[in-house]
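Heads up: the structure comes next, in structure tokens.
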Amino acid sequence: MSKETEVDIIDQVVSQEYKYGFTTDIEMETAPKGLSEDIVRFISDKKNEPEWMLNWRLKAYRHWLKMEEPNWQNFNYPQINYQDIIYYAAPKQKIQLDSLDQVDPELLKTFEKLGISLQEQKRLSGVAVDAVFDSVSIATTFKDQLKEKGIIFCSVSEAVKEHPELVKKYLGSVVPYTDNYFAALNAAVFSDGSFVYIPKGVRCPMELSTYFRINAENTGQFERTLIIADDDSYVSYLEGCTAPKRDENQLHAAVVELVTHDNAEIKYSTVQNWYPGDKNGKGGIFNFVTKRGSCEGKNSKISWTQVETGSAITWKYPSCILKGENSTGEFFSVAVTNNAQIADTGTKMIHIGKNSRSRIVSKGISAGKSHNSYRGLVKINKKALNARNHTQCDSMLIGNKCGAHTFPYIEVNNKTATLEHEASTSKIGEDQLFYCNQRGIPTDVAIGLIVNGFCREVLNQLPMEFAVEAQKLLAVSLEGSVG
Amino acid sequence: MLSIKNLQAEIEGKQILNGINLEVKAGEIHAIMGPNGSGKSTLSAIIAGRQEYQVTAGSITFNGKNILEMSPEARACEGVFLAFQYPIEIPGVSSINFLRTAINERRKYNGLEPIEATDFLKTMREKMELIKMDKSLTSRSLNEGFSGGEKKRNEIFQMAMLEPTLAILDETDSGLDIDALRLVSEGVNKLRNKDNAFVVITHYQRLLDYIIPDFVHVLYKGRIVKSGDKSLALELEEKGYDWIKNEVEQVNN
């Protein structure tokens, strides 16, 4: 391809419209703009929370006031005015929901449009869904079936009321409110999210999934997810997210905590498709999220898989604390940035237990004038005998205006550890594109093919139902981004 | 089928082709020979639609259509196939997936529905049998870690699957041992019929022992300086390219 054509094509970057950019017109109940103790009380009050929950929030809020926003990241973002955000927005509902019949049809329609049917009979069997709209959970499907096995799958608000002993024990146990600026903010104002408890010896019979939707203007979304897998249990959980197109940036500061006990396993998958902003970088979600799992028990395992294609800025490091002997942590990531998007993502693997193992596979794809950073920490503590880590970190560049950056940190305090780090950077070559073209494959399709090939190892980790969706999403996010 | 008239082309201001004339009819096999740097690969790249070459004069029509105006993928869908001298690796993309995508894009171009999975697999088995292709290659990443011979055979396999009307083999024999050369040639001979045509680009007469050309053209300094039947290839082998070079120089003087 000649220089001119290459530039021409890059200039045509992304004609594809963001598919989920519509808004739902529905009567909302919102908190007044801004953040104060009163707002924290307001949220807690709206949710009819017990005293201990409110106190925890207030402690977090007071701690947050003393903290400073971090500045070590590899990007700049406009100053966030925390007094300009609405911290609570919920569709107005007068009665307590007992069944889907009572859910506002407008909301059901919204989720239908997003490809999420909340009508159980229409759902793919094998996937239970919790749907979160702005600040509240709208519905959770297959609850009864799960209940038979002793599995709790509900919104966090409900768990606070119905299962306070579990929430008290685990909330903040992996990500304390003192952890970081955004985690503290989340602890103070979190409005909803999913709660999962898998009892001893139970293998969850279906995929659990939460679908997050930001709708209201000027709001932030601060959900909190807590998943506990008791001894000898297993669960696979998936979250998906979208938001309408809006010109202003919206903050999404979520916290996810995972706990696995002896021989338990949690597989946590994310397909993140928040609105990325327009091609000049106007609007889009700031996706500043803290995700961490603790492998408490021996032989326990936590596996993170993420496909990140949306958001103006993605800033998160789903991590594993490997306390248990023989525990395993995994992180499989595909991060795609196009246009003016930014991603600074990776993981932390903290080895504490003997024979703990971790594996990191990160695939970063940058197109347009975006920047994509992998940042990862592998830390071997003194007592972690024979710990092992393997890290593979591959970057792909499309065009010549984007950037790929890698910040691997390694800290080893035990000589018996074995660590491996592999990294590569490649460019979708003109030769590869021409080869595909010559076989009759147009450039856009060829890029999808090449990128999906590049990410295959990660996509293979996704549950079947979502792998196909994720593949399409990758192709769409890069449409028109040829170099 | 293929008609090239007075084709002139350059890359970065450097003239490579100086007026090529070539007529290829259905059912024919044309061999193009010539010393290094004579413009053989440039010619095949221009027919396939590589954009770094600038065509400065002349025309190429394929089945009556001016293909110089078409994108490379449109030319492919019209039935032009190029077996690459250096096939490209695409990590993580299986040969099967790649071929199915290619076939379906071609079907789409022709207004057809995507191919049924069972039909696709059946065709694939037949063609693998036809050119004695190892089954394991099709599930591996495209060309990744393939030996030189495997890559070339995979090109022929793709050609068998895509059933082009015009196939250009760009030095398909380079880097092949005798056994692989025979397998590749047998593949071509089996795929040959009265409706398709081949342009075989090679340095050596050796390949033409297996793939018998109807016409042999000698390319030198961007021009076809001599054409003949297969005996021309033998003569070249015997006398070397200096013979042609001298002849051309004499004419020029």
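Taking all Cα-Cα distances within segment B:144-253, those exceeding 23 Å account for 35%.
Once you reduce segment A:219-289 and segment B:99-127 to the center of their Cα atoms, the two points are 39 Å from each other. Using the beta-carbon distance between residue A:280 and residue B:57 and R0 = 35 Å, what value does 1/(1 + (r/R0)^6) give for FRET efficiency, to the nearest 0.05? For R0 = 35 Å, the calculated efficiency reads 0.25.
Apply the a/c threshold of 1.5 to the C-alpha gyration tensor of chain B and tell me whether it is rounded, prolate or oblate. Verdict is prolate for chain B. Here the protein assembly as shown is assigned +1 on the Cβ of each Lys and Arg and -1 on the Cβ of each Asp and Glu. Its dipole about the Cα centre then comes out at about 1280 debye.
Shape class for segment A:218-361: prolate, because the ratio a/c of the largest to smallest gyration tensor axis (alpha-carbon atoms, square roots of eigenvalues) is 1.5 or more and a/b beats b/c. For segment B:88-113, a decrease in accessible area of 20 Å² or greater in the assembled protein chains relative to the isolated chain, with a 1.4 Å probe, applies to B:88, B:90, B:91, B:92, B:93, B:98, B:101, B:102, B:105. Segment B:213-246 and segment A:338-370 have their alpha-carbon centroids 58 Å apart. When Rg and Dmax are taken over the Cα atoms of segment A:359-422, they come to 14.7, 46 Å. Quick one: angle between helix B:230-239 and the longest Cα principal axis of chain B, in degrees between 0 and 90, rounded to 10, please. Roughly 60 degrees between the two axes. Among the protein heavy atoms of the protein assembly as shown, carbon and sulfur supply 46% of the accessible surface, probe 1.4 Å, non-protein parts ignored. The calculated FRET efficiency for residue A:65 paired with residue A:472, based on their beta-carbon distance and R0 = 45 Å, is about 0.55. Normalised per residue, the accessible area of the protein assembly as shown is 41 Å², obtained with a 1.4 Å probe and no contribution from ligands, DNA or RNA.
For segment B:155-219, trypsin sites (Lys or Arg not before Pro) are listed when DSSP marks them as loop and at most 10 other Cβ atoms sit within 10 Å of their Cβ; the list is B:194. For the peptide A:424-435, the mean number of other protein chain Cβ atoms found within 10 angstrom of a residue's Cβ is 4. Coupling constants for segment A:403-408 follow from the phi torsions by the Karplus curve (6.51 cos²θ - 1.76 cosθ + 1.60, θ = phi - 60°), and in residue order they are x, 10, 10, 10, 10, x Hz; glycine and proline get x.
A Förster radius of 56 Å combined with the Cβ-Cβ distance from residue B:193 to residue A:72 puts the calculated FRET efficiency at roughly 0.25.
The residues packed around residue B:237, meaning those with a beta-carbon under 12 Å from its beta-carbon, carry a net charge of 0 if Lys and Arg are +1 and Asp and Glu are -1.
Computed with a 1.4 angstrom probe on protein heavy atoms, the A-B interface buries about 2300 square angstrom of accessible area in total.
The trypsin sites (Lys or Arg not before Pro) found in segment A:252-309 that occupy coil by DSSP, while having at most 14 further C-beta atoms within 10 Å, are A:282. Evaluating 6.51 cos²θ - 1.76 cosθ + 1.60 at θ = phi - 60° for every residue in segment B:189-196, the Karplus couplings come out as 4, 6, 7, 5, 8, 6, 9, 10 Hz, glycine and proline recorded as x. By definition, a body whose alpha carbon gyration tensor gives a ≥ b ≥ c is prolate when a/c is 1.5 or more and a/b is larger than b/c, and the protein assembly as shown fits this prolate description.
Which of the chymotrypsin sites (Phe, Trp or Tyr not before Pro) found in segment B:155-241 are loop residues per DSSP with 16 or fewer other Cβ atoms within 10 Å of their Cβ?
Here the sparse-neighbourhood loop sites are B:204.
Between amide H atoms placed 1.01 Å from N, distances below 5 Å from residue A:378 occur with A:349, A:409, A:410, A:411, all of them 5 or more places distant or on a separate chain.
The values are calculated or read from the model by the stated rules, or taken from the named source; none is laboratory data. Given the structure is predicted, the values throughout are model-derived calculations rather than measurements. So basically every Cβ, Gly included, is an ideal-geometry build from the backbone, and we count neighbours across all protein chains shown. The area values use the complete protein model at the heavy-atom level, side chains included, leaving out ligands, DNA and RNA. Shrake-Rupley method; radii C 1.70, N 1.55, O 1.52, S 1.80 Å.
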